[in-house]
Every structure is written in structure tokens, then in C-alpha cells.
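What follows is calculated from the coordinates using simple rules that are stated; it is not laboratory data. Remember, predicted model here, so these are calculated numbers, not experimental data. Methodologically, a virtual Cβ is constructed for each residue, glycine included, from the backbone with ideal geometry; neighbour enumeration extends over all protein chains shown.
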């Protein structure tokens, strides 16, 4: 197992959940469920700072969508922004694969970041299979903190934004032996698309997509709330595919997660909220009504 695979397992507590239903309990790097660990990891943490490795409490939605793709996208609407000046990150993620060989992964998403103008930013970054941070093109967006991955972007609560990771095409520059993958954000109300930048990786396609919330706040802080929808992937032949379901994963109590986060189905969308009653259990399978539109 490569460094990225171990990092992925540590960050998300799951393996190949996009290829089948997630069972209750932690998912080992090999994909097998360790139900005993899941039982031991259950506890209650609804106050205090998350004692996780990065100081955040995260929860994830793994797509049931096997295959390899040239683009993946999802729509994000932030319904309720943080009332406290704490970092929140909502992202679309996919793994890169090089003809079946792991090529790392990347995540593209909106951030509520107190150090950026109006507290809003966008991040497009990732890691190679070795665990090294991926290099990429220079973004045309300013970065108040001078961070290559996190750039200034004025987004608003209550507006829908399409996050899209896609092959940048032959015209895009990339160093020899690497491929360029472009992160874009489209304001669906105005129709304006912003290119964040390109990442360079050995990966030739995308696999194992997911979306997630990563909240760097105390568990009892006022709720933040987002809605995800329009989960899509495009194959090399141009066909569009949609996940049949999303598998729910919460950062466990043992790994420092808050126990008062929740993900639930709302029509053809899925909500994620902090500081609320957890009604959807770990490992639940949220079946998407529009899944029969594949093709």
C-alpha cells in the first residue's frame, strides 16, 4: 500500500467504499470492515475541540460508482455559514489512477476561512501516491496567505456552485510524464466559471469519488449546514454516470470526530450538518432517486 493509500485511510477511515455498500464500523485499508473496532470507537463527543490529528471533525459521502473517469462533479450549496471564526472546508475528492496504478488524489472545494477576505476561499490541492504534495500551475486567483492551493474566491451562502475536477486537455501544460487535472468552480446562478488551477500527476483517470465536510470548530459551536446534489462522472467515451447511492462515513469518536454530525437524504440531494442529532447511522446507504439516469 502506498503512502497516499495509508493517508487516505487515516483521513477518511474507509477504503473502496465507492465500489459497494459501506458496512457499519471502520473500513480497513484493504476494504474489509472491522466491526469490533467500530463498536469500540463509538462514544459521545458533543462539546469541546475535536482531538483529531488535524483538529477537525470530518464526515464523508462515498459514491457507489465503480469505474474510471475523465471528470467528476457535484453541486454544493452552503446553507448556513459558521457563526464563529473557524475554518470549514467542503470538498469534492477523487483518486487519480494510472492504468490501475494508484496516482494519489485531489480535493476541490469551498472554504470558510477567517484569514481570507470576507472569510471565503477555494482550495484545489492533493497528494501523490508517495504522500508528496502535488505541484501544479500558478493560479490566476490571488491568495491572501500566499498558499498555492488555497486562493481568494468570493462565494455566497444560498447559491449553488458546481465543483468539477477534469482532465485539462492536451493544450494544457504539464511536465514530462505528468498529466494536468483542472479544478473549476461554476456559480450556477450567474453561469460564471472560475478556473482555480491545474494539478500535475501521473494519473490518467479519476476513480473513487466522494464529497465531505471538514470542520475545524468545537463540537458545540453553532451548526453549519450544506446541501450536495447533481453527482456526476464522465467516462472517456463521453458517457455520463451517476452514483446509485452514497455511503455515509463519520470520523469515529476514537479518531477525534464529533458525534453530533449528520448526513441525510433530501429528495435527490444530501445534507450535511454539524451540532445536530445524528439520525443517519455510520455505514448507512443513501439511495439516490436519479441514479437510474446513468448512461
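Quick look at the numbers
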| quantity | calculated |
| --- | --- |
| Stretchable slack from residue 268 to residue 98, in nm (0.36 nm times residue separation minus alpha-carbon distance) | 58.0 nm |
| Estimated FRET transfer efficiency (residue 172, residue 132; beta-carbon r; R0 25 Å; 0.05) | 0.75 |
| Residue-span extension gain [residue 235 to residue 192] - 0.36 nm each, minus C-alpha spacing | 13.0 nm |
| Relative contact order (%) - the stretch 153-295, alpha-carbon pairs under 8 angstrom, separation at least six | 18 |
| Residue order, fewest to most surrounding Cβ atoms within 10 angstrom, among 259, 213, 190 | 190, 259, 213 |
| Taking only Cα atoms of the stretch 153-295, radius of gyration then Dmax in Å | 17.5, 50 |
| Sorted by Cβ density within 10 Å, fewest first, the residues 187, 95, 268 | 268, 187, 95 |
| Inter-centroid distance (Cα atoms) of the stretch 221-281 relative to the stretch 147-202, Å | 22 |
| Radius ratio Rg over Rh of the stretch 80-159, counting only Cα atoms, Kirkwood formula for Rh | 1.03 |
| By average C-beta atoms within 10 angstrom, highest first, the peptides 241-252, 151-162 | 241-252, 151-162 |
| Relative contact order computed over the stretch 126-236 (Cα-Cα under 8 Å; 6+ residues apart), in percent | 23 |
